[in-house]
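Chemist: This is the structure I want to talk about, given as structure tokens.
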Amino acid sequence: MRSLSKVGLAAFLAVVWIFSSGSLTRAQQATELEHLTREFTELQRAGRYSQAIPVAERILSIHESRSDADQSSIAVWLNNIGELYRKQGRFSELLNR
């Protein structure tokens, strides 16, 4: 009986750990998104479009990787990336992506 309760406790702790790890990852993603969004805004305002593209692409990949991905957020970041290419006149590169 003791070994069964130990197995049950171990299983319970494993489930708690898995869910808390997921929450931590989501919190880390939220923090990273805030930081990256700030960085993107600063680069865009400064006209440093080529440096803003990888930041916007990272933001997009975070949104796409989330299980609860908000399609409107994905569309906004695709549009932001397209706008950066447009401002640089790099149309052919955008079409080849």
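Chemist: If Leu84 meets every condition in (1) surrounded by fewer than 13 Cβ atoms within 10 Å (Cβ to Cβ); (2) at pLDDT 75 or above apart from one, which number is that one?
Modeler: The failed condition is (1).
Chemist: Mind checking which residues of segment 34-47 are of a type outside the set (Asp, Glu) and exposed (fewer than 13 other Cβ atoms within 10 Å of the Cβ)? Break it down stepwise before answering.
Modeler: Step one: of segment 34-47, the residues of a type outside the set (Asp, Glu) are 35-38, 40-41, 43-47.
Within segment 34-47, His35, Arg38, Thr41, Arg45, Ala46, Gly47 qualify.
Chemist: Any idea which residue in segment 61-81 is surrounded by the most Cβ atoms within 10 Å (Cβ to Cβ), counting only those that are of a type outside the set (S, T, N, Q) and farther than 17 Å from Ala30 by Cβ?
Modeler: Here is the first cut: in segment 61-81, the residues of a type outside the set (S, T, N, Q) are 62-64, 66, 68-70, 74-78, 81.
Of the ones still in play, those that are also farther than 17 Å from Ala30 by Cβ are 75, 78, 81.
On the way: Ala75: 11, Leu78: 15, Ile81: 20.
Top of the filtered list is Ile81.
Chemist: Okay, next question. Looking at segment 42-59, which of its residues are under 15 Å from Leu78 (Cα atoms) and either among the charged types (D, E, K, R) or within 18 Å of the chain's Cα centre (by Cα) (or both)?
Modeler: Ala52, Ile53, Pro54, Val55, Ala56, Glu57, Arg58, Ile59
Chemist: Then there's this: State yes or no: is Thr31 among the β-branched types (Val, Ile, Thr), modelled with pLDDT of 95 or more and loosely packed, with under 14 Cβ neighbours inside 10 Å?
Modeler: Answer is no for this residue.
Chemist: Now for a different question. So which pairs qualify, if the first residue must be in segment 55-77 and closer than 19 Å to Thr41 by Cβ, the second must be at pLDDT 90 or above and of a type in the set (S, T, N, Q), the Cβ gap must be under 8 Å, and the two must be at least 6 apart or on different chains?
Modeler: Final answer for the pair search is Ala56/Asn80; Ile59/Thr37; His63/Ser73.
Chemist: Something else now. Kindly provide the set of residues from segment 41-73 that are among the polar types (S, T, N, Q), part of a helix (DSSP H, G or I) and over 23 Å from Phe91 (Cβ atoms), ordered by number.
Modeler: Those that are among the polar types (S, T, N, Q), part of a helix (DSSP H, G or I) and over 23 Å from Phe91 (Cβ atoms): Thr41, Ser65, Gln71, Ser72, Ser73.
The values are calculated or read from the model by the stated rules, or taken from the named source; none is laboratory data. Fair warning: this is a prediction, and the values are worked out from it, not measured in the lab. Don't worry about glycine lacking a Cβ; one is built from the backbone with ideal geometry, like all the others, and counts go over all protein chains shown.
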